[in-house]
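Below you'll find the structure, written out as structure tokens, and then a few comments.
The values are calculated or read from the model by the stated rules, or taken from the named source; none is laboratory data. In this text, all values refer to a predicted model and were calculated from it rather than measured experimentally. Because the Cβ atoms are built from the backbone with ideal geometry, glycine has one as well, and the counts that use them run over all protein chains shown.
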Amino acid sequence: MTIVYEDRGDDATSEVPVNRIKFTINGQKMIAEVEPRLLLSHLIRRGLGLTGTHMGCDTTNCGACTVLVDGRPVKSCTMLAVQADGHSIETVEGLSGQSELHPLQEGFKQEHGLQCGFCTPGMMMTAKALLAENPSPTEEEVRWALSGNLCRCTGYQNIVKSVLWAADKLRSQG
Amino acid sequence: MSQALDEIKIGGLGASRKRVEDDRFIRGKGNYTDDITLPGMLHMEILRSPLAHARIKSVDTSKAWDIPGVHLVLTGEMMATRNLAWMPTLSYDTQAVLATDKVRFQGQEVACVVADDPYIAKDACEAIEVEYEPLPAIVNPAQATADGAPVIRDDKVNQPDNVIYDWEVGDKAGTDLAFEQADVISRLKLHYPRSHPSPIECCGSIADFNRATSKLTVYMTTQAPLIIRAAVALVAELPEHMIRIVSPDIGGGFGNKVPVYPGYVCSILASILLERPVKWIEDKSGNLISTGFARDIYLDGEMALRKDGKILGVRMHADADHGAFFSDAQPSKFKIGLLHSTFACYDVPAAHLTARGTYSNKAPGGVAYRCSFRVTEAMFFQERMIAAAAADLGMDPAEFRRTNFVRDDQFPHRTPFGFLLDSGQYAKCLEVGLKAIGYEDFRRQQAEARKRGKLLGLGISTMTEPLGAGNSREYDILGIKMFDSAELKIHMTGKAILRTGARTQGQGHETTWAQIVAHELGLPAEDVIVEEGDTDTAPFGMGTYASRSTPVAGAAVSMVARKIRAKARRLAAHLLEVSEEDIEWELGRFYVRSAPDRGVTIQECAIAAYSNMPDGMEPGLENTAYYDPPNLTWPFAVYLVTVEVDPETGVWDVLNMVAVDDCGVRINPMIVEGQIMGGLTEAYAMANMQFITFDADGNCVGSNYMDYLLPTAWETPGFELHSEVVTPSPHHPIGAKGIGECAAVGGPAAFVNAVLDAIAGTGVRNIDMPLLPDRVWEAITYRHDVSGAPPVRSDD
């Protein structure tokens, strides 16, 4: 990453502290040099260009920025990029292969689990963590697991159905 | 023998076609405004006022300029030198872009910084020093109109007080007479609290001015890009053909992304000054405290009744708090939106409505949050008043509605406020709903439960909504007539591109518009790509809000496809070597009437338009249709809710919710049901938790998602939807009506009526929304109404 500043004839311009971190993103090992205050969500969106992780509220409420850190759902707008050092991060872009969709992606399309699509990546990442832990959740368990992710379009009913659809498919795949 | 295509198989009208747009969204490949990065792009942040009302004594930006990486600091004074400190609103008022003289609400834009990086821009905003002289804040209409109230808009000449308008509609004398003849007069006063549409994606823009070409491109979160193009031309004084507005994927709108916000204007000016792309992305707090709010209206009305339950007349007064600037988007002939659609589904002989709008030291707005211009307030008051009147008469609320509904044989029906209802089967919808919820059975359960101290309640709400403005005779925004358009190009291989002046934000236009084309032409929906949101390519349209896309743009899609079909018929006659009069149409195919086996498909006509047209025919197969609707469409719905209220805590739980929506012909039932469920959830939110209030100093309480509560998957109840009743709109080309907002409009009253029904024994007549547990508990415990904006203590 190259940073260019206007030369104003003083020394203040050059002193931006930088930390070097190593992490894995969607299975790929990476090194980044980041400002200590950089949010993980900004590293993902701007540094890595993975814009599927959305930012809705910057305050850990809406869940649009949810990613998996070592398999656990984390709201990346309130985690610093430096805290990702040594950890493995998974975003929506890592859900599917080149041609094949993840059952959650299929489920959201089949059950009309999205409208504007802004909350969808965060919803799917949270749901992925749930299904890894609990492959046969009840409707109530799905609702509880998703309660940190806000959606303004769907009313959740179809999101819940989408997750249950994916659970079914994942189970049938063994 | 007919060779017509199976319409459902080709994804036509009535097919629950899976959505085209999902393919990118589920992969994280949507393209929202903040996802766009342009070469050389800079970032803008806004400094907002911490005070609700204060004179600006000085703004010192020197420390901000000193921060490395800062390119520009804009203040109101600098905007003023370019005549950009103020901008016109969509309601013939003005709004400050960056404050010069005073700040008039907490969160108002005072300055902005453009820097290499948003973090640097935020640092620099904090380095700006603003000296304020605090002034008393006004936070409601009563304060605004009190004697000696400070004048908020002292920037305006001829504005001696805080009143924006006094407006009146209906027949006063006839209504007075109805009240003289009444056996019973029922009265209700309530507050519909301030709310915020709050799409998860906030507002933002990327302005990109190219000095070499003089062209300005703005990527922005707007529901109405073509209106914005006109607005930018007027505000920034740029030629309209040199402005391109692109509305990329939008992460929800709900009315919040209709107005022009100062951030857009500042990013445009910054890009012009710096000749580099400038991105502004609002944070959630900025979105909640400064952009278009909704509701915040005090409604006071009375109903004249005959003993047998017939409504004789309605009187109503509205006090609307518009915040610091009158910036609602609404048809210009109506000062308070379509509030006068109230009681439209009831046969009310006489009605009179007065409305007063006032300024306050709160964020401007009054936007149509998932509704057609104040219809939500109209329907909420209507259904709360109906419940109160039925109770006063000692009549069953379902029976009272049945007695007063506009009957099926009365359509088209003129309301006392002048609307013309197109069609409906109101009583039938109610019967479907009552059966689904098990009305009689629930009443028995309720009576038994009450003996055991358990409080069960059932609430009914019905609604009809004027959707699809115009006609252009009556509906315009700033003089621009409200119509829409569609452009359809059939390529030579029978594939097609459709463009409209609407802009989808989750409604699924890319899926449903193609279904209308499939219905009209027999082209498989998957062969039609839909493009919206780029003003350089889209035909003119007023955008997507107020549930107007299907009624207006959707109708234009039908009409343009029919134009294409008319030309294809001439091509078919040429190919089949018969006269046009001998040609018949069935889905996807023209054939010779006397020899039905002889025919050509629509695709064969398409290739002929480029390779084998008759002599003298203009080549190609494309067209544009502008659609000016003859009337609004009027969907109808019945929502029924059962609840249990805990008298010890005031907490209430939804037991069951039934929705019966008659929105005419459904293009895509799956999408319609998705919209209804989304609307019901927002209705639940309004009734239960979602509101923005202010303390006495004008501090916004509800500036983040910890204070502004949105329902999650955990609280949101399940919904049972019914689609048995279908009354096509007689004037819409495919019989469709608007639907996106109905449930959000009609739903809230059902929840409130249910809770009040549960505590009917207490004599409580009204609890204002949201029905927070403490408010319900207070009503039950002290047996009194709980009214007004929820009280919040000032922390002084």
Within region B:721-743, can one find any residue that is surrounded by 24 or more Cβ atoms within 10 Å (Cβ to Cβ) and assigned to a helix (DSSP H, G or I)?
-> yes
In region B:310-323, what residues are within 18 Å of B:Ile152 (Cα to Cα) and buried (at least 24 other Cβ atoms within 10 Å of the Cβ)?
-> B:Ala320, B:Asp321, B:His322, B:Gly323
Could you grab the pairs with beta carbons closer than 6 Å, sequence gap of 6+ or different chains, first residue in region B:677-689 and over 18 Å from B:Glu720 (Cα atoms), second one aliphatic (A, V, I, L, M)?
-> B:Met686/B:Met769; B:Ala687/B:Val752; B:Ala687/B:Met769; B:Ala687/B:Leu771; B:Met689/B:Leu709
Subset of region B:314-329 [farther than 24 Å from B:Ser290 by Cβ and in contact with a helix residue (DSSP H, G or I) (Cβ under 9 Å, 6 or more places away or on another chain)] = B:Val314, B:Arg315, B:Met316, B:Ala318
Determine if region A:68-75 includes at least one residue that is farther than 23 Å from A:Leu164 by Cα and in contact with a Leu (Cβ under 7 Å, 6 or more places away or on another chain).
-> no
Exactly one of A:Lys169, A:Lys75 is crowded, with 24+ Cβ neighbours inside 10 Å, among the charged types (D, E, K, R) and more than 9 Å from every other protein chain (Cβ to nearest Cβ), and that residue is A:Lys75
From the residues in region A:96-133 that are closer than 13 Å to A:Ala64 by Cα and hydroxyl-bearing (Ser, Thr, Tyr), which one is nearest to the other protein chains (Cβ to nearest Cβ)?
-> A:Thr120
Matching residues, region B:431-448, being hydrophobic (A, V, I, L, M, F, W, C) and free of Cβ contacts under 8 Å to residues at least 60 places away in the same chain | B:Ala447
Verdict on B:Pro647 being in a loop (DSSP other than H, G, I, E, B) and touching a helix residue (DSSP H, G or I) at 6+ places or on another chain (Cβ under 6 Å) | yes
In region B:474-498, how many residues are aliphatic (A, V, I, L, M), modelled with pLDDT under 95, in contact with a helix residue (DSSP H, G or I) (Cβ under 8 Å, 6 or more places away or on another chain) and assigned to a loop (DSSP other than H, G, I, E, B)?
-> 1
Tell me which residues, restricted to region B:385-410, are charged (D, E, K, R) and surrounded by fewer than 24 Cβ atoms within 10 Å (Cβ to Cβ).
-> B:Asp392, B:Asp396, B:Glu399, B:Arg402, B:Arg407, B:Asp408, B:Asp409
Considering only residues of region B:21-44 that are in contact with a Ser or Thr (Cβ under 6 Å, 6 or more places away or on another chain) and crowded, with 21+ Cβ neighbours inside 10 Å, which is nearest to the other protein chains (Cβ to nearest Cβ)?
-> B:Phe25
Could you tell me whether B:Phe326 is surrounded by 24 or more Cβ atoms within 10 Å (Cβ to Cβ), assigned by TED's automatic domain parsing to the domain that holds B:Ala754 and not aliphatic (A, V, I, L, M)?
-> no
Looking at region B:411-424, which of the residues that are touching a strand residue (DSSP E or B) at 6+ places or on another chain (Cβ under 8 Å) and surrounded by fewer than 21 Cβ atoms within 10 Å (Cβ to Cβ) is farthest from B:Tyr475 (Cα to Cα)?
-> B:Phe411
B:Leu47: passes all of (1) buried (at least 23 other Cβ atoms within 10 Å of the Cβ); (2) away from chain A (no Cβ under 14 Å); (3) in a loop (DSSP other than H, G, I, E, B) but (3)
Assess whether B:Gly747 counts as being closer than 29 Å to B:Gly323 by Cβ, in contact with a Ser or Thr (Cβ under 6 Å, 6 or more places away or on another chain) and among the small types (Gly, Ala, Ser).
-> no
When B:Ala54 is evaluated against the numbered criteria (1) among the aliphatic types (A, V, I, L, M); (2) surrounded by fewer than 23 Cβ atoms within 10 Å (Cβ to Cβ); (3) over 30 Å from the mean Cα position of the chain (by Cα), which criterion, by number, is the only one it fails?
-> (2)
Reported set for region B:282-309 where residues are surrounded by fewer than 24 Cβ atoms within 10 Å (Cβ to Cβ), within 14 Å of chain A (Cβ to nearest Cβ) and not in a helix (DSSP H, G or I) is B:Glu282, B:Asp283
Near pairs, Cβ below 9 angstrom, 6+ apart or cross-chain, from region B:155-180 (closer than 27 Å to B:Ala344 by Cα) to any residue that is exposed (fewer than 15 other Cβ atoms within 10 Å of the Cβ) and small (Gly, Ala, Ser) = B:Val169/B:Gly418; B:Gly170/B:Gly418
Search region B:425-470 for residues being among the small types (Gly, Ala, Ser) and in contact with a Pro (Cβ under 8 Å, 6 or more places away or on another chain), and hand back the single one that is surrounded by the fewest Cβ atoms within 10 Å (Cβ to Cβ).
-> B:Gly453
Does region A:134-158 hold any residues that are free of Cβ contacts under 8 Å to residues at least 40 places away in the same chain, at the interface with another protein chain (Cβ under 7 Å from one of its Cβ atoms) and of a type in the set (Ser, Thr, Tyr), and which are they?
-> A:Ser147, A:Tyr156
Test for B:Thr511: is it part of a helix (DSSP H, G or I), among the hydroxyl-bearing types (Ser, Thr, Tyr) and out of contact with any Ser or Thr (no Cβ under 8 Å at 6 or more places or on another chain) = yes
Odd one out for B:Ala96, checked against (1) more than 30 Å from B:Lys63 (Cβ to Cβ); (2) at pLDDT 95 or above = (1)
Exactly one of (1) among the basic types (Lys, Arg); (2) out of contact with any Ser or Thr (no Cβ under 7 Å at 6 or more places or on another chain); (3) buried (at least 22 other Cβ atoms within 10 Å of the Cβ) is unmet by B:Lys257. Its number?
-> (2)
Taking region B:159-174 on its own, how many of its residues are surrounded by 15 or more Cβ atoms within 10 Å (Cβ to Cβ) and either among the β-branched types (Val, Ile, Thr) or at pLDDT below 95 (or both)?
-> 2
